[in-house]
Amino acid sequence: MGVMLPAVRDGASLNQALDLGYRQVLLERGSLLSIVGPLAGAARQGVAIFVNLDAVEGLAPDSAALAFLATDLGFSGVLSVKPHLLQEASRFRLRTIQRIHALDSTGLETGLHSLVSPAPFAIAIAPAVAIPQVMPIIRSITSTPVWGTGFISSAEQAAEALRAGAAVVSSARIEVWRDFSRTPVS
Amino acid sequence: MATRTTVTPGRPRAVDGSMSRLLEAFGHVPVAAVIRRGEDLPRALASQVPAVFFLRAPAFHLGPLVWAVQARAKLAFVHIDLIAGLGKDRAGIAFLARDIGVNGIITSHSGLVAAARAEKVIAVQRLLLHDDLALPSAMSALDHARPDIVEVLPGVIFPLVVNEIRSRLPLPIIVGGFVTEPAHRDAALERGALAVSTSTPELWP
């Protein structure tokens, strides 16, 4: 069974995801600092919070920011295209998710071959809609768990990515969050 | 590797950076061959594709490859973002346009589109669809840069966004990225793509 990871961008979407019962969210866009209170409150109640370091505003890509996320806020993990930032994040016991763009075979293979030690907790393939098509390439290179982000606009698309082998799929659409639990994942 | 066999080997004197020839050629054969490795080039040269896209070629050994393409009456495009050894700047574009004589350049960067147009080569700007949240700003950047052609990647996303793109960007569209089967090609062409770009030789007619 795969997991839906609601991608939130502000306090309203965070509350919508929590109201639907989700216990994990991805801060994908927007200013982290403007909703730091609600995010920290959710983390204290055991909600796993992941942050896309490449897209959120208000954080520097450095160890001070990572220490803040891990120690002060109690977040669970971070996503980035930058391997060295993730290496640094692993020192703070954050789960590290290496973002890799699946735009063409050359770029995907370059991204997969550039995975560094320590191995990331997972790789996040963007766009997630490409996962059914590219999973054979991914699995020929790495057995790291696969997450998917980007262009998931229906529960059916999410289910397809999960059926293809993704462990986690993210969507920014509340309709998908709502419908997802009704879609059986086989 | 095939090279020009004229008395004075070298680039053609007048480089054709005109869109009309490319549009007409894609009207007959709507496929561009993407060259990932040098050994793929002979098959592309022998095929009917009217355009060849070089990814990752070494910049300072690119001339003979480009001229071999042009000697077969095909147009040669170089992906400047991926090419090794060359500055991703105006001087790099000028080198490709003047010294090598490419017909066009491919880039993801709006700033390089203006430089390519100033050098009178065809500017292909990539629209990278990895994140739906980033699509509006990516389309604004393209709308502002006004390349000659948009290359949309990956192909699997194109049907999902074709209406949005076409309403915002009245530009010819090439669809690339994981176009590995005839069905992928047909899906793009049926939805109005000018051509597909693919590194799968089986799709080079």
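Structure notes:
- Some residue of region A:59-77 being within 14 Å of chain B (Cβ to nearest Cβ), touching a residue at least 12 places away in the same chain (Cβ under 8 Å) and over 14 Å from the mean Cα position of the chain (by Cα): no
- So B:Leu142, is it more than 30 Å from A:Val56 (Cβ to Cβ), among the aliphatic types (A, V, I, L, M) and away from chain A (no Cβ under 14 Å): no
- Residue count for region B:129-159, restricted to those that are in a loop (DSSP other than H, G, I, E, B), in contact (Cβ under 8 Å) with a residue 24 or more places away in the chain and in contact with a Gly (Cβ under 6 Å, 6 or more places away or on another chain): 1
- Looking only at residues in region A:104-126 that are under 22 Å from A:Leu162 (Cα atoms) and of a type outside the set (A, V, I, L, M), the one that is most open to solvent (accessible area, probe 1.4 Å) is A:Phe121.
- Test: residue in region B:49-66 that is over 30 Å from B:Glu202 (Cα atoms), more than 15 Å from the chain's Cα centre (by Cα) and buried (at least 16 other Cβ atoms within 10 Å of the Cβ): no
- Among (1) facing chain A (nearest Cβ under 9 Å); (2) over 24 Å from B:Ala116 (Cα atoms); (3) not acidic (Asp, Glu) - the single one B:Leu153 does not satisfy: (2)
- Some residue of region A:62-69 being in contact with a strand residue (DSSP E or B) (Cβ under 8 Å, 6 or more places away or on another chain) and either part of a loop (DSSP other than H, G, I, E, B) or open to solvent by 10 Å² or more (accessible area, probe 1.4 Å) (or both): no
- Residue within region B:77-90 that is farther than 18 Å from B:Asp148 by Cβ, away from chain A (no Cβ under 14 Å) and open to solvent by less than 20 Å² (accessible area, probe 1.4 Å) present: yes
- Residue match in region B:53-74 (condition: outside any loop (DSSP other than H, G, I, E, B), in contact with an Asp or Glu (Cβ under 8 Å, 6 or more places away or on another chain) and within 14 Å of chain A (Cβ to nearest Cβ)): no
- Taken over region A:10-58, the residue count meeting the criterion of being assigned to a loop (DSSP other than H, G, I, E, B), surrounded by fewer than 22 Cβ atoms within 10 Å (Cβ to Cβ) and in contact with a strand residue (DSSP E or B) (Cβ under 6 Å, 6 or more places away or on another chain) is 4.
- Qualifying positions in region A:115-131 - of a type outside the set (Val, Ile, Thr) and over 16 Å from B:His130 (Cβ atoms): A:Leu115, A:Ser117, A:Pro118, A:Ala119, A:Pro120, A:Phe121, A:Ala122
- All positions within region A:128-156 that are over 14 Å from the mean Cα position of the chain (by Cα), buried (at least 19 other Cβ atoms within 10 Å of the Cβ) and either aromatic (Phe, Trp, Tyr) or at pLDDT below 95 (or both): A:Ala155
- Of the residues making up region B:119-128, not a single one is part of a helix (DSSP H, G or I) and touching a Ser or Thr at 6+ places or on another chain (Cβ under 9 Å).
- For region A:2-41, filtering for residues that are more than 17 Å from the chain's Cα centre (by Cα) and among the aliphatic types (A, V, I, L, M) leaves 6.
The values are calculated or read from the model by the stated rules, or taken from the named source; none is laboratory data. In this text the structure is predicted, and so the values were computed from the model without any measurement. Every residue, glycine as well, gets a Cβ built from its backbone with ideal geometry; the counts of neighbours run over all protein chains shown. Calculation scope for accessible area: heavy atoms of the full protein, side chains included, ligands and nucleic acids excluded. Shrake-Rupley method; radii C 1.70, N 1.55, O 1.52, S 1.80 Å.
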